[in-house]
Amino acid sequence: MTTTEATDTDRDDQATVIGTLSPSRAGDFMTCPLLYRFRVIDRIPERPAPAAVRGTLVHAVLERLFDLPAGDRTAAAARELVGPQWERLVAETPELAAMFDEAGLDRGEWLAQAGRLLDSYFTLEDPRRLEPAQRELYVETVLASGLRLRGYIDRVDVAPTGEIRVVDYKTGTAPRAEFERRALFQMKFYALVLWRLRGTVPRQLQLVYLGNGELLRYTPDEADLRATERMVEALWRAIKRAMETGEWRHRPSRICEWCDHKARCPEFGGTPPPLPDVTDPGEPADAPLSARALADDV
Ligand code: SF4
């Protein structure tokens, strides 16, 4: 169950909200401004990507696992949650059922891969010894500039001493150096929002890579989070410039392999559609399922 932690709504009266940014969409712009445009400005729907949906399924199981009494949180119990959680996802988004035929995938093997990712989780943490303070926590704050930052944190742990750990699960493999910066940016973004909400710098940021069974840990400090704030402000200025000029550069990279917009991308001989009128400089509240693969699982 998602919980919410946000600045008092009165805060919006103190500073006009000039825009909204989440780590995923910030990451899109850093990766490829044209990809950001297609998702946020044009709001072009994307097909569910099997890897992304599997990530969503594994996240759902790991969230529900902590509903069980501590002693029952075993690998077998996690696997038993796969079927019911998959059925819940299909009930919420019926088009997911067609994903296997469209992608030529074997449903049983795809579900087995989800099970293997969950097995990997148990090599990294023992959930019987953990009591998360929050799971799937929606956080939101408005910076002094009026830029609203928001996102979903997979798990927040709070030690008896009050120290905070921010945990994010990744169903991809641990990033190579070029992607590590982006993964850490996402975690620092969450840490910045929590710091602004709670007045405490999280003690640890922990990325749990289920694809290859690795943990990535980082200890942020205030200087880090101030630098992250300057970075998101600069990023927002760059996004605003692109909105004003209509220049959304395409930036080819490994991400293109999974991009749903190749047919309309100049890099692949396509032409972007005419720009719609941008009256709302925000971003969609919910990223498409495929966004998770592009944003989180590389
Ligand atoms: S195909 Fe590549 S360059 Fe084109 S929009 Fe997608 S990510 Fe950007």
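Please pick out the residue among L149, L184, L197, L130 that is within 19 Å of the chain's Cα centre (by Cα) and either at positive phi or modelled with pLDDT of 95 or more (or both).
Just a single option satisfies the conditions, and that option is L149.
If you go through the range 269-286 one residue at a time, how many are within 15 Å of the ligand (Cβ to nearest atom) and modelled with pLDDT under 95?
Total satisfying the criteria: 1.
Among the aliphatic types (A, V, I, L, M) and surrounded by fewer than 15 Cβ atoms within 10 Å (Cβ to Cβ): does that describe A78?
no
Inside the range 111-159, can you point out the residues that are out of contact with any Ser or Thr (no Cβ under 8 Å at 6 or more places or on another chain), surrounded by fewer than 20 Cβ atoms within 10 Å (Cβ to Cβ) and among the small types (G, A, S)?
Scanning the range 111-159 gives A112, G115, S120, A133, A144, S145, A159.
In the set V53, V58, V40, which member is within 16 Å of the ligand (Cβ to nearest atom), within 20 Å of the chain's Cα centre (by Cα), surrounded by 12 or more Cβ atoms within 10 Å (Cβ to Cβ) and β-branched (V, I, T)?
V40
Among residues belonging to the range 215-236 that are outside any strand (DSSP E or B) and among the hydrophobic types (A, V, I, L, M, F, W, C), point out the one that is nearest to the chain's Cα centre (by Cα).
V232
Pick out, from the range 25-139, the helices (runs of 4 or more DSSP H) lying fully within it that include 2 or more residues that are closer than 30 Å to F268 by Cα and outside the structural domain of T171 (by TED's automatic domain parsing).
Of the helices (runs of 4 or more DSSP H) lying wholly inside the range 25-139, those with at least 2 residues that are closer than 30 Å to F268 by Cα and outside the structural domain of T171 (by TED's automatic domain parsing) span 50-65, 99-103.
Restricting attention to the range 240-268, report how many residues are near the ligand (Cβ under 7 Å from one of its atoms) and in a loop (DSSP other than H, G, I, E, B).
The number of residues fulfilling the criteria is 7.
Looking at E229, E214, E180, which one is of a type outside the set (A, V, I, L, M, F, W, C), surrounded by 14 or more Cβ atoms within 10 Å (Cβ to Cβ) and under 22 Å from C32 (Cβ atoms)?
Exactly one of E229, E214, E180 is of a type outside the set (A, V, I, L, M, F, W, C), surrounded by 14 or more Cβ atoms within 10 Å (Cβ to Cβ) and under 22 Å from C32 (Cβ atoms), namely E180.
Among what's in the range 155-197 and is outside any loop (DSSP other than H, G, I, E, B) and of a type in the set (V, I, T), pick the residue that is farthest from M231 (Cα to Cα).
Filtering first and then ranking leaves V158.
The values are calculated or read from the model by the stated rules, or taken from the named source; none is laboratory data. Keep in mind the model is a prediction, meaning the values are calculated, not measured. Here the Cβ is made from the backbone with ideal geometry for all residues, glycine too, and neighbour counts use every protein chain on show.
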